[in-house]
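Novice: Mind having a look at this structure? Questions to follow.
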Amino acid sequence: MHCVTRQAHNRNVGLFRKKIEAPAVASAPIGAAAGASQIGQFYSYSVGASEEAALSVPTISRAVSLLTTVVGTLDLKSYVLQWGGEEYEKIWVQGETWMSRPDPKVPRQFIMGKTARDLIMYGRAHWAVTSRYSTGFPASFEWLPANMVYSTKMPASPEWFGMPDDLEFNGLPLDVSNVITFLSPNQGIVYAGRRAVGVSLRLDQAAERFSATEIAAGYLQQTSNSEPMSSEELGELAAAWANARRVSAIGALNSAVEWKEFSSDPSKLQLVESRKYQALEMARLLDIPGYLLGIDQSGMTYQNAQQSRQDLILFGARPILHSIQERLSMNDVLPNGRHVQFDVEEYLEEFMVESPEIQREEPAPDLPEDEMELE
């Protein structure tokens, strides 16, 4: 009886530990609704105006680059769950071929990075299923720009509250069964950060105006003993003065005109401080510690490279990673009981410091020894 029980137990364990082979043969490419004809027509693809404006802010561009690089770097692996008596145990199994390259026409980091960027910007992302295995499960995909995918039954912005029942791509209907939609738990920054991004853009424009001025800002004023000029003559005088100062550091005026300098400058307008504060606001908007973006480093004298990557994943990339891996674990992508997961541990171990000892840096000159922060 004992032997029979052990044999049965071994057979049960074998069910979970059996190497699962990915199907080797895929069916013909998918040709669904009219919108499918627009997929791959790159001349018609576009980036949304709100996304383009947000990415023109250096802090946002840097943050998005960090997050998309992390997501594009991580490998996908597959597992099933086995009950161990007290808790479930992950049993790693062979993954599908698309896990190493979802779109055979582009590198994996491209499609994963674009998917991550759409989740950051819009809170949603989309893949079109381009082929299927003989079992009916997807075998390959292609990324669709989120700003070109719409649903007539979902709000245009800022958030979708579930999987869509209908989709249009570039104005033409798509077969929803052949589209994988990723939903983020957070609103995209083009919606949630509209006001904050607008403030950053206006501050950048103000800085650009000051940087484009070769001399201190001011105006020309006629003296009281000169004959008044017309508006056209004043305009010509101002243009000639500005042009002369661009080509020479020395200006010359006659007794009929005086140069009056404005008292305002970037420091008096608090433009520098405002831009620093707004950079922190962008870091908060993207859930990334400021020091990873080169800001908010006061009081930090030592930061382990390993800890930096952990913070980047924990605070910034984790919602994106979960949005992707949980969607790819659903039953319309993988058989019931199969799951995928990003290999975060391998990414962190790859950059671990060789020496287990923490190397202490010299304290900053203006920071007392007892205030140093060590990892």
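Novice: Name the single residue that is least open to solvent (accessible area, probe 1.4 Å) among those in segment 137-195 being acidic (Asp, Glu) and part of a strand (DSSP E or B). Spell out how you get there, then give the answer.
Specialist: Applying the first criterion (acidic (Asp, Glu)) to segment 137-195 yields 142, 159, 165-166, 168, 175.
Narrowing the set further to residues that are part of a strand (DSSP E or B) leaves 142, 168.
Numbers: Glu142: 17, Glu168: 58 Å².
Among those residues, the one meeting the criterion is Glu142.
Novice: Hey, another quick one. Restricted to segment 263-286, and to residues that are polar (S, T, N, Q) and not in a helix (DSSP H, G or I), which residue is modelled with the highest pLDDT?
Specialist: Ser263
Novice: Okay, next question. Ala238: under 27 Å from Val64 (Cα atoms), modelled with pLDDT of 75 or more and not β-branched (Val, Ile, Thr), yes or no?
Specialist: no
Novice: Right, something else. Return the total of residues in segment 107-137 being without any contact (Cβ under 8 Å) to a residue 24 or more places away in the chain and under 21 Å from the mean Cα position of the chain (by Cα).
Specialist: 1
Novice: Do we have any residue at all in segment 325-346 that's open to solvent by less than 10 Å² (accessible area, probe 1.4 Å), touching a helix residue (DSSP H, G or I) at 6+ places or on another chain (Cβ under 9 Å) and over 26 Å from Arg132 (Cβ atoms)?
Specialist: No, segment 325-346 has no match at all.
Novice: A follow-up question, please. With small (Gly, Ala, Ser), surrounded by 13 or more Cβ atoms within 10 Å (Cβ to Cβ) and at pLDDT below 85 as the only criterion, which of Gly299, Gly294, Gly290 stands out?
Specialist: Of the residues listed, the single one that is small (Gly, Ala, Ser), surrounded by 13 or more Cβ atoms within 10 Å (Cβ to Cβ) and at pLDDT below 85 is Gly290.
Novice: Then there's this: Which residues, counting only those in segment 312-347, are of a type in the set (Phe, Trp, Tyr) and assigned to a helix (DSSP H, G or I)? Break it down into steps so the answer makes sense when it comes.
Specialist: From segment 312-347, those of a type in the set (Phe, Trp, Tyr) are 315, 342, 347; that's our starting set.
Passing the criteria: Phe315, Tyr347.
Novice: Could I ask something else about it? Restricting to segment 243-261, give me the number of residues that are β-branched (Val, Ile, Thr) and at pLDDT 70 or above.
Specialist: Counting residues in segment 243-261 that are β-branched (Val, Ile, Thr) and at pLDDT 70 or above gives 1.
Novice: Oh, and also: How about segment 102-130: which of its residues are in a loop (DSSP other than H, G, I, E, B), open to solvent by 20 Å² or more (accessible area, probe 1.4 Å) and not hydrophobic (A, V, I, L, M, F, W, C)?
Specialist: Narrowing segment 102-130 to residues in a loop (DSSP other than H, G, I, E, B): 102-107, 123.
If we keep only those that are open to solvent by 20 Å² or more (accessible area, probe 1.4 Å) too, we end up with 104-107.
The answer is Pro104, Lys105, Pro107.
The values are calculated or read from the model by the stated rules, or taken from the named source; none is laboratory data. The model shown is predicted, which means the values in this text are computed figures rather than measured ones. Neighbour counts are summed over all protein chains in view; Cβ atoms, including those assigned to glycine, are modelled from backbone coordinates with ideal geometry. Just the protein is used for accessible areas: all its heavy atoms, side chains included, with ligands, DNA and RNA removed. Shrake-Rupley method; radii C 1.70, N 1.55, O 1.52, S 1.80 Å.
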